[in-house]
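Read the structure below first, then the notes.
The values are calculated or read from the model by the stated rules, or taken from the named source; none is laboratory data. Everything quoted here is computed from the prediction, not taken from an experiment. Because the Cβ atoms are built from the backbone with ideal geometry, glycine has one as well, and the counts that use them run over all protein chains shown.
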Amino acid sequence: MQVIDRTPTVKSFRFLPQEKVDFTPGQFLRLIFDPASPQNKELNKYLSFSSSPLNDYIEVTKRISQSPFCQRLCSLKPGDDIFFEAALGTCVFCADYKNIGFIIGGIGITPIISILEYVAQKELGTNITLVYSNRTEEEIAFKQELNNWRCENPNLKVYYIVTDCQPVDKACIFGRLSKDLLAEKFPRVEGWEFFIFGPPKMVEAMKELTQSIGAAKEQIKTESFIGY
Ligand SMILES: Cc1cc2nc3c(=O)[nH]c(=O)nc-3n(C[C@H](O)[C@H](O)[C@H](O)COP(=O)(O)OP(=O)(O)OC[C@H]3O[C@@H](n4cnc5c(N)ncnc54)[C@H](O)[C@@H]3O)c2cc1C
């Protein structure tokens, strides 16, 4: 097992499964620390895959808290067995999509990383625009990876939004995700699929905004990270 610090409050955990785990980018697993009580929501929690299914390892990424679940996760040692249920979720990438808009809040970036790594490995020509909002600049997880993929792929646009304090990086946009900002980044919505991932309140607000710039309900896929 390998642990990677992504931000001061976010860590990734990589595991080598005994058998290949089949999943589609965008899906999640249920990490089980209390196998005797599947209903135990405190110790058995959902985490999205934050790596491509083409890798030999699987990775999940967690916002670190003081919860018993998080303590168990952070105290895992190399060689420890873990149990999980996978793959879950239907809000997934499909290679047939021509244009994808990702509208993401905070830790909701995890499944998008799985999708973008997969797109990069397969060298797919999907036209992708990511609008990624965080409270502060230092909370932008996976910034280096996103910048690298953006440099390599002219079809990928990435916009960092920082809501709570003026960012130092001039490439970040300071302010809240608004209708005007979405309309500017998505001047056309016809032929686009929109994915909205993040904390439940953010997902609800963004669903309305995305509809307000003309997207139909059928064009919008959402995953609420219940528990935040
Ligand atoms: C589909 C899906 C994918 C997710 N992917 C990720 C991911 O990739 N990374 C990540 O960090 N998190 C992800 N989450 C959220 C994750 O499952 C945890 O709920 C979250 O990380 C908080 O857990 P905690 O142990 O740190 O906090 P806790 O201290 O246990 O909880 C924080 C707060 O949320 C409340 N809460 C906790 N669980 C629930 C629940 N099931 N329903 C309602 N309220 C609850 C608690 O009462 C508390 O107020 C995902 C959730 C879902 C549903």
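Checking Ile220 against (1) at pLDDT 95 or above; (2) exposed (fewer than 13 other Cβ atoms within 10 Å of the Cβ), only one condition comes out false. Which one?
Exception for Ile220: condition (2).
How many residues does the range 95-105 contain that are part of a loop (DSSP other than H, G, I, E, B) and either free of Cβ contacts under 8 Å to residues at least 24 places away in the same chain or in contact with a Pro (Cβ under 8 Å, 6 or more places away or on another chain) (or both)?
As a first pass, look at the range 95-105 and keep what is part of a loop (DSSP other than H, G, I, E, B): 95-98.
Right, trim to either free of Cβ contacts under 8 Å to residues at least 24 places away in the same chain or in contact with a Pro (Cβ under 8 Å, 6 or more places away or on another chain) (or both) and you get 96.
Number of matching residues: 1.
Given (1) within 16 Å of the ligand (Cβ to nearest atom); (2) within 20 Å of Val92 (Cα to Cα); (3) not hydrophobic (A, V, I, L, M, F, W, C), where does Lys201 come up short, assuming only one miss?
Condition not satisfied by Lys201: (2).
Scanning for something among the polar types (S, T, N, Q) and without any contact (Cβ under 8 Å) to a residue 24 or more places away in the chain, does the range 155-173 turn up at least one residue?
Yes, the range 155-173 contains at least one residue that is among the polar types (S, T, N, Q) and without any contact (Cβ under 8 Å) to a residue 24 or more places away in the chain.
Where residues in the range 30-84 are more than 19 Å from Ile226 (Cβ to Cβ) and assigned to a strand (DSSP E or B), which of them is farthest from the ligand (Cβ to nearest atom)?
Step by step, filter the range 30-84, then rank; the result is Phe83.
When only residues in the range 106-133 that are in contact (Cβ under 8 Å) with a residue 12 or more places away in the chain and part of a loop (DSSP other than H, G, I, E, B) count, which is surrounded by the most Cβ atoms within 10 Å (Cβ to Cβ)?
Thr126
This table checks each residue for (1) among the aliphatic types (A, V, I, L, M); (2) at pLDDT 95 or above.
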residue: Gly79; (1), (2): no, no
residue: Glu85; (1), (2): no, yes
residue: Cys94; (1), (2): no, yes
residue: Lys98; (1), (2): no, yes
residue: Gly108; (1), (2): no, yes
residue: Ile113; (1), (2): yes, yes
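Looking at Ile140, Ile103, Ile112, Ile107, can you tell me which residue is under 17 Å from the mean Cα position of the chain (by Cα) and closer than 19 Å to Glu184 by Cα? Break it down stepwise before answering.
Working: Ile140 fails: closer than 19 Å to Glu184 by Cα; Ile112 fails: closer than 19 Å to Glu184 by Cα; Ile107 fails: closer than 19 Å to Glu184 by Cα.
Ile103 is the lone residue from the list that is under 17 Å from the mean Cα position of the chain (by Cα) and closer than 19 Å to Glu184 by Cα.
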